[in-house]
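Enquirer: The following block contains the structure, expressed as structure tokens.
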Amino acid sequence: MVFVIILFAIALQVFLTVKKISPFLSLLVVAIVSGLLLGMEPSALLASIEKGVGSTLGGLALIVCLGAILGKILETSGAAEQISGTLINGFGEKNIQWAVLLTGFLIGIPLYYNAGFVILVPLVFSIARRTGLPLLYIVMPMAASLSTTHCFLPPHPGPVVLVNAFHADMGKTLMYGLLIAVPAVLISGPLLGRVLKNTKAGSYDLFGDTDPVAHQHLPSVLSSFCIALMPVALISMSVIGNLILEKDNMLRRLLAFSGDSTIALLLAVIAAIYFFGLRINKTMPQVMQWASDAISGIAVILLTITAGGVFKQVLIDSGTGSYISSFSSTLEMPPLLFAWILTALLRVTMGSATVAGLTAAGIVSPLVVAGNVSPELMVLAVGAGSVFGSHINDSGFWMYKEFFRLSLKETFLSWTVMETLISLIGLAGILVLQLFIR
């Protein structure tokens with residue numbers, strides 16, 4: 001009966017998604033209906049909702065908001081443009097795919113996918129027009145790097161949500177994620193781009209003259225790179241410090257503090273405010289307006305994440321945990337494979353990677369609580385499943401199609417294949433890592 005209720009909850013979420021109901025509202029409704037059907041008392045259900053909100057926002061709100069502010073400042077100040085231009089000029093036309101790939105990585109880590117995509121699209125058109133190279137040859141490394149950071153690499157908001165849900169270690173997740181992301185992005189980006197090189201698709205005139213002209217005075221190269229990479233560098237240094245320094249070492253404690261994801265992002269935001277704002281004669285009210293715009297832009301996303309946390313908490317508090325654990329054991333399916341399949345099915349059915357990941361997190365959390373699997377690998381398994389098989393019910397599919405003026409067939413052969421490759425390569429990497437990580 002419990003399994004039937006879970007299936008009904010998933011079906012209800014799919015139905016509400018198809019009806020274009022806000023994911024925030026639909027997830028909240030599904031959580032309440034599931035709790036009642038699972039036999040929870042109304043008072044206990046209300047307490048579970050409150051607990052879910054608190055536990056989700058408590059570990060997430062500051063990280064998501066600070067990440068949004070950093071991304072907005074990088075975009076508005078021209079630092080993102082400086083990073084892009086420097087890499088492209090440094091690599092040259094022969095290695096243009098690698099320049100675009102690295103640009104997508106650097107811009108994709110602090111930014112949501114849609115924001116990074118919109119920033120890089122004019123750049124891709126400009127490169128294609130100036131070099132005469134096929135559009136998809138250049139597009140694929142950009143799209144693959146953005147998708148890979150979206151599902152594998154904290155402090156990108158997507159993985160951070162799952163790190164919080166599974167109580168995983170942020171630094172370890174970043175390290176494992178990098179091991180998986182590198183082969184995933186190489187195969188689904190430059191390699192797939194070369195396979196599609198002869199595909200005649202798109203046109204270069206969507207934006208007219210797409211040469212970057214919005215910023216007459218760009219920030220310095222050094223400050224642009226250093227500040228964009230500061231959160232990743234601080235988190236990585238914390239992980240290394242924990243491995244090589246004694247527990248009571250003062251430097252280790254300092255690195256652990258500065259490598260906390262919230263502190264790392266806060267330090268990067270403070271540096272960005274000074275170097276990309278005050279130092280170039282922007283007033284404090286102007287810079288704070290950037291911050292306000294960034295936070296308002298992610299408010300709905302934050303609420304959706306919170307509703308997903310409520311759903312997760314209701315499933316846990318209703319006693320579903322032991323059932324999910326036993327169900328996975330009965331199927332004799334490895335927990336990581338079970339999580340990936342579940343998330344992939346939700347993604348194909350509902351379209352939204354975020355909603356699929358949040359829904360799956362609520363269902364598989366008991367497997368992590370039971371200690372059957374590494375929480376860091378579970379983060380990556382759900383993240384990999386959340387990008388599988390993107391098609392016509394995914395807004396990203398249509399954004400990609402319309403921006404690059406592709407046919408449906410060309411979009412399936414490029415975008416859908418790319419997303420599926422990232423997911424499958426990610427799953428393979430996770431299963432290999434599981435042999436060495438417990």
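The values are calculated or read from the model by the stated rules, or taken from the named source; none is laboratory data. Remember, predicted model here, so these are calculated numbers, not experimental data. Glycine gets a Cβ as well: all are built from the backbone with ideal geometry, and neighbour counts include every protein chain shown. The accessibility values were calculated without ligands, DNA or RNA, using every heavy atom of the protein model including side chains. Shrake-Rupley method; radii C 1.70, N 1.55, O 1.52, S 1.80 Å.
Enquirer: For LYS19, give me every one of the aspartates and glutamates with a C-alpha distance below 15 angstrom, ignoring sequence neighbours fewer than eight places off in its own chain.
Expert: ASP394
Enquirer: How would MET142, MET237 line up by accessible area, probe 1.4 Å, largest first?
Expert: MET237, MET142
Enquirer: So what is the accessible area of the chain per residue, in Å², with the probe set to 1.4 Å?
Expert: Each residue of the chain exposes 42 Å² on average to a 1.4 Å probe.
Enquirer: What figure, in Å² to the nearest 10, do you get for the accessible area of GLU50 with a 1.4 Å probe and non-protein molecules left out?
Expert: Probe radius 1.4 Å; accessible area of GLU50 about 140 Å².
Enquirer: Mind ranking 370-377, 15-22, 429-436 by how tightly packed they are, going by the mean number of other C-beta atoms within 10 angstrom, highest first?
Expert: Result, highest mean Cβ count within 10 Å first: 370-377, 429-436, 15-22.
Enquirer: Once you wrap a convex hull around the alpha carbon atoms of segment 1-82, what is its projected area averaged over all directions, in nm²?
Expert: Averaged projected area of segment 1-82's Cα convex hull equals 7.7 nm².
Enquirer: Which Cα, out of GLY177, LEU146, VAL29, lies furthest along the positive dipole direction of the chain (beta carbon charges, K/R +1, D/E -1)?
Expert: LEU146
Enquirer: Dipole magnitude of segment 1-107 about its Cα centre, charges +1 at Lys/Arg Cβ and -1 at Asp/Glu Cβ only, in debye to the nearest 20?
Expert: 180 debye
Enquirer: Convex hull over the Cα atoms of segment 1-47, averaged projected area in nm²?
Expert: 3.2 nm²
Enquirer: Of the labelled options (i) -0.39, -1.41; (ii) -0.29, -1.22; (iii) -0.34, -1.33, which one gives log10 I(q)/I(0) by the Debye sum over Cα atoms at q = 0.07, 0.14 Å⁻¹ as computed for this structure?
Expert: Of the labelled values, this structure produces (iii).
Enquirer: For ASP248, ASP317, what's the largest-to-smallest order of accessible area, 1.4 Å probe?
Expert: So, going from the largest accessible area down, we get ASP248, ASP317.
Enquirer: Okay, next question. Report the rotationally averaged projected area of segment 23-178 based on its alpha-carbon convex hull, in square nanometres.
Expert: Answer in nm², one decimal: 11.3.
Enquirer: If Lys and Arg each add +1 and Asp and Glu each add -1, what is the summed charge of the other residues whose beta carbon sits under 14 Å from the beta carbon of VAL14?
Expert: Surrounding charge for VAL14 is +2.
Enquirer: Near LYS312, which lysines are there with a Cα under 17 Å away, not counting those fewer than 8 places off in the same chain?
Expert: Candidates past the 8-residue exclusion: LYS51.
Enquirer: Taking the Cα-to-Cβ direction at SER43 and at VAL221 and moving 7 Å from each Cα, how far apart do the two end points lie in nm?
Expert: Placing both labels 7 Å beyond Cα along the Cβ direction yields 6.7 nm.
Enquirer: Still on this structure, please answer the following. Show that you can apply the helix-only estimate: for the chain, add -39,500 (n - 2.57) for every DSSP H stretch of four or more residues, divide by all residues, and state [θ] at 222 nm to the nearest 500.
Expert: The helix contribution divided over the chain gives -24000 deg cm²/dmol.
Enquirer: At a 1.4 Å probe radius, which order do HIS150, HIS167 fall into by accessible area, largest first?
Expert: Largest accessible area first, the residues go HIS167, HIS150.
Enquirer: Over segment 1-110, what is the mean sequence separation of C-alpha contacts under 8 Å (at least six apart), divided by residue count, expressed as relative contact order in percent?
Expert: Result for segment 1-110 is 17 percent.
Enquirer: Build a GNM of the chain with springs between Cα atoms under 10 Å: which of LEU123, LEU254, LEU406 gets the top mean-square fluctuation?
Expert: Of LEU123, LEU254, LEU406, the most mobile in the Gaussian network model is LEU254.
Enquirer: Oh, and also: Report, to the nearest whole %, how much of the accessible area of the chain belongs to carbon and sulfur atoms, 1.4 Å probe, protein only.
Expert: Of all accessible area on the chain, carbon and sulfur atoms account for 68 percent.
Enquirer: Now for a separate question. For the chain, build the charge dipole from Cβ charges (+1 Lys, Arg; -1 Asp, Glu) around the Cα centre, then report which of SER296, ALA79, SER48 sits farthest towards its positive end.
Expert: The listed residue farthest towards the positive side: ALA79.
Enquirer: Now, a different point. Over the chain, what is the relative contact order in percent, taking alpha-carbon pairs closer than 8 angstrom and at least six residues apart?
Expert: 23 percent.
Enquirer: Express the relative contact order of segment 283-438 as a whole percentage, based on alpha carbon pairs under 8 Å and six or more residues apart in sequence.
Expert: Reported relative contact order: 23 percent.
Enquirer: Kindly flag which residue pairs out of LYS94/LYS172; LYS172/LYS409; LYS197/LYS282; LYS20/LYS197; LYS20/LYS409; LYS172/LYS197 have an alpha-carbon separation exceeding 32 Å in this structure.
Expert: LYS94/LYS172; LYS172/LYS409; LYS197/LYS282; LYS20/LYS197; LYS172/LYS197
Enquirer: Here is a further query. Give the accessible area for LYS51 in Å² (nearest 10); use a 1.4 Å probe, count only protein heavy atoms, and leave out ligands, DNA and RNA.
Expert: Near enough 110 Å² of accessible area.
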